Amino acid sequence: MRLRVLAALLSLALTSACHSGLDGEVPETPFATQRARQLLAAAGPALEPGLPTRFSRQGDFLRRVGAETNEPGLPAHAARPFTVKDDRSGLSLRARLLGADGAVQPQAAQGLLVYPAAFQGADLWFRATATGVEDYLLFERAQPTEVSYELELSDEVAGLRLVENTLELLDAHADPRLRLAAPRLFSAGHAPVP
């Protein structure tokens, strides 16, 4: 089942716990560190710095070094999907930012992965934890009118439910197993944009 989601930012949290030519660990670079400082300054209290994290390739995805294989997988390049899975139900989701530049390789800094200028000149950022994924777009000039994601749902997804602007992916018992939080947009002064 596929569906498109229009969003400025997409954050994903779990209720439970491609081959791109990139091999080994993702490098932490001075460029990524400088860009991470800019992202953290732009996001203000909406985003805290991550713990120092190393990322490496596991199959078609990038994961935190030492992560379990069920932890979220991040894209090996900007046009690839990220994935999350609920272990209890087997329910999973793959999400891909439409229009991302497939040639952009990630760099690491401050527990984040950055894909520089990967979407209409904006940097694409990911932060993974054991239970979820957050992604961010940092626009330095006027943002586009639309940001679209393609979602691919596993066969275990029995339904979708929108609760207080949060999209829930339901299992066969109508229990929410994965949640996509409402997108949020902030101005340069940290003020939420309606």
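Here are a few things to note about the model shown:
- Residue in the range 151-163 that is under 30 Å from Leu40 (Cβ atoms), at pLDDT 90 or above and surrounded by 14 or more Cβ atoms within 10 Å (Cβ to Cβ) present: yes
- Here Ala142 qualifies as open to solvent by 60 Å² or more (accessible area, probe 1.4 Å) and within 19 Å of Ala42 (Cβ to Cβ).
- Only a single criterion out of (1) touching a Ser or Thr at 6+ places or on another chain (Cβ under 9 Å); (2) at pLDDT below 75; (3) in a loop (DSSP other than H, G, I, E, B) is not satisfied by Ala13, namely (3).
- Filter result for Ser89 (open to solvent by less than 30 Å² (accessible area, probe 1.4 Å), polar (S, T, N, Q) and either more than 16 Å from the chain's Cα centre (by Cα) or farther than 13 Å from Arg35 by Cβ (or both)): no
- Of all residues in the range 92-112, those that are farther than 21 Å from Gln143 by Cβ and aliphatic (A, V, I, L, M) total 4.
The values are calculated or read from the model by the stated rules, or taken from the named source; none is laboratory data. All of these numbers come straight from a predicted model, not from anything done at the bench. Positions of Cβ are generated from backbone atoms using ideal geometry, with glycine treated the same way; all protein chains shown enter the neighbour counts. The accessibility values were calculated without ligands, DNA or RNA, using every heavy atom of the protein model including side chains. Shrake-Rupley method; radii C 1.70, N 1.55, O 1.52, S 1.80 Å.
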